[in-house]
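Presented below is the structure to which this report refers.
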Amino acid sequence: MGSVGLLKKTTMVCVPLMTHSVEHMVQDMVRAKNEGADLVEVRLDCLTAFEPARDLPTIVCNKPLPIVVVYRPKRDGGLYDGDEKTRQEALTLAKELGAEYTDLELPVAFEIMEKHKLSQQNNCKIIVSCYVDKITSSKENLSHLVTRMQSTGAHIIKLVTTATDITELSRIFHLLSHCQVPLIAYSTGERGLISQLLGPKFGGVLVYGSLEGNQVAGLPTLASLREAYGVEHIDADTKVFGLISKPVSHSKGPILHNPTFRHVGYNGVYVPMFVDDLKKFFNIYESPDFAGYSVGIPYKEAVMEFCDEVHPLAKAIGAVNTIVKRLSDGKLIGYNTDCEASITAIEDALKARGLVNGEASFPSPLTGKQFVLVGAGGAGRALSFGAKSRGARVLVFDIDYDRAKSLAQAVSGQALPFEQLTTFQPEKGAVLANATPIGMHPNKNRIPVSEETLRDYSVVFDAVYTPRKTTLLADAEVAGAIIVSGVEMFLRQAVGQFNLFTGGKAPEEFMREIVLSKF
């Protein structure tokens, strides 16, 4: 087979280019290089009115970095619908002009590799690829498929699947760890994202990232791979942390935790994990490599049953937002960093404005205040217990009235039906806390209360942090209330999580600078 030649020992980042004109293809190659790509995948089948003899010299001779030439037929998910002979001639011409890699689909690879003795040539490496709709096969069946691909004599093999559940990706990781030749393997879609991000840990030779503005569905951006995830720093010893949530695309955690890991020299990576089934997830990802998790909507309460131990505060609240896998025995330990994060954010905002109830003897500026909470889920529970601990009088609204009553009883508060929220008149100087997804992107224009009542609140807090200033906060600010963004809560709870994840002390000012510049 010869040496792999151009492939480096570290994972390389490849940008797929699917533009419709040769001119734009060349421009995008230059842009990809400037933004940090190691190579690009040139999709000839996406070009309009493509003529190999005319266009390939322009593409190949103007490449500023190595290229993978792909001419995908419709039968394999591409756009080319011409005859096979013409297609193969174009790939051969690309190789002769100096393309570093060409991609052949498995159904035709045996014949072409044998006919042209391609496995014996070192000037252009052959990637044999196969696309599987769903990862329904066992590890053994996928291994047989990989063995078949290897037998073509390919220098590199590529397996792309569609994931219907994040647990299926463990088969991809198994293949990457055990393959005898360089392997590119990943799953598409939001549930498959971590197969790209964690490829370097398990031995993948390429990860794919799209250019900003030319994003490819299911792929991270080139900028995020370099700046947020730092894929060039990920190796076999990297500890994996992530946000367990559904949905998960809104998460800002990766752009905060990953640069902070690198800042303190901790070998970890934080990734978004779209989880459909908690039980399956924890059963599959038992390895010590998966070292800890943030927990988001809708799992902060449900996840408690999968923790081996729960910190007393989290147990009292009835919600966990942080899980750490204990090194000594692998047990999952649940914590809640939301509670203090949210309440101290509100307290500090009140103190900064001098609103301390006029009583220096009160332990908290929240003492005695009416605390109107919208949402009795995990975040709401954390807020309510924090408010109770400061001596506030908690009033709970939730679309599930029974859940609201249960939480109100736990904090010696009161519950009212959700339908009354729009007509509810708070006490003057009350605190409003939104702990629902109302106002979250993409439904950014909604607020949970009547706009006319906002003038009666002294402070309004919104747990939603995408966007940073929600419509609720913008309206409350106009009404004269102190506003506290969910970004502040997010930062404070993330500091607590970072301490638990690493066993060290988080660089708070560094993390705050990231939040102020990126959020």
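The values are calculated or read from the model by the stated rules, or taken from the named source; none is laboratory data. Owing to the predicted nature of the structure, the values given are computational and were not obtained by experimental measurement. Note that we place each Cβ from the backbone using ideal geometry, even for glycine, and neighbour counts take in every protein chain shown. Heads up: the accessible areas ignore ligands, DNA and RNA and are worked out on the full protein's heavy atoms, side chains in. Shrake-Rupley method; radii C 1.70, N 1.55, O 1.52, S 1.80 Å.
Looking only at the chain, where both bridge partners belong to it, what percent of the DSSP beta bridges are antiparallel (to the nearest 5)?
Antiparallel bridges: around 10 percent, rounded to the nearest 5.
To the nearest 500 deg cm²/dmol, what mean residue ellipticity at 222 nm is calculated for the chain from DSSP H runs of n ≥ 4 alone, each contributing -39,500 (n - 2.57), summed and divided by the residues?
-10000 deg cm²/dmol, from helical runs alone.
Distances over 23 Å make up what percent of all Cα-Cα pairs in segment 291-388?
When every Cα pair of segment 291-388 is considered, 35 percent fall beyond 23 Å.
Compare the peptides 224-232, 155-163, 302-310 by average per-residue count of other Cβ atoms within 10 angstrom and give them in order, highest first.
Answer by packing, highest mean first, reads 155-163, 224-232, 302-310.
For the chain, what is the relative contact order in percent, using Cα pairs closer than 8 Å and at least 6 residues apart in sequence?
This gives 8 percent for the chain.
Starting from 0.36 nm per residue, how many nanometres of slack lie between SER287 and LEU97 once their C-alpha separation is accounted for?
Gain in length upon complete extension: 63.8 nm.
Taking the Cα centre of the chain as origin and charging only Cβ (+1 Lys, Arg; -1 Asp, Glu), how large is the dipole, in debye to the nearest 20?
Charge dipole of the chain: 660 debye, to the nearest 20.
Among the lysines, select those whose C-alpha is under 17 Å from the C-alpha of LYS125, and discard any that sit fewer than 8 residues away in the same chain.
LYS8, LYS9, LYS63, LYS95, LYS115, LYS117, LYS158
At a 1.4 Å probe radius, which order do LYS405, LYS125 fall into by accessible area, largest first?
I get LYS405, LYS125, largest accessible area first.
Project the alpha carbons of segment 179-294 onto their principal axes and report the range along each, largest first, in whole Å.
The Cα atoms of segment 179-294 stretch 36, 34, 30 Å along their principal axes.
Using a Förster distance of 35 Å, how high is the FRET efficiency between PHE110 and ALA53, based on the Cβ-Cβ distance and rounded to 0.05?
0.80
Can you give the net charge of the other residues whose Cβ lies under 15 Å from the Cβ of ILE255, counting K and R as +1 and D and E as -1?
+3
Quick one: dipole size for segment 58-199, taken about the Cα centre, charges +1 on Lys/Arg Cβ and -1 on Asp/Glu Cβ, in debye to the nearest 20.
Around 180 debye, computed over segment 58-199.
From the residues LEU44, TYR71, VAL30, which one has its Cα farthest along the dipole of segment 14-111 in the positive direction, the dipole being from +1 and -1 charges on Cβ of Lys/Arg and Asp/Glu about the Cα centre?
Towards the positive end, the residue furthest out is VAL30.
How long are the semi-axes of the equivalent ellipsoid of the chain, taking √(5λ) for every eigenvalue λ of the Cα gyration tensor, in whole Å from largest down?
52, 24, 19
How charged is the neighbourhood of ASN321? Take every other residue with its Cβ under 9 Å from the Cβ of ASN321, and add Lys/Arg as +1 and Asp/Glu as -1.
Once positives and negatives cancel, what remains is 0.
Reachable lysines from LYS405, Cα under 17 Å, same-chain residues fewer than 8 places away excluded?
Once the sequence-local lysines are set aside, what remains near LYS405 is LYS388.
Write out the trypsin sites (Lys or Arg not before Pro) in segment 315-391 meeting two conditions: DSSP loop, and at most 12 other Cβ atoms within 10 Å of their Cβ.
Passing both the DSSP loop test and the Cβ count: LYS331, ARG353.
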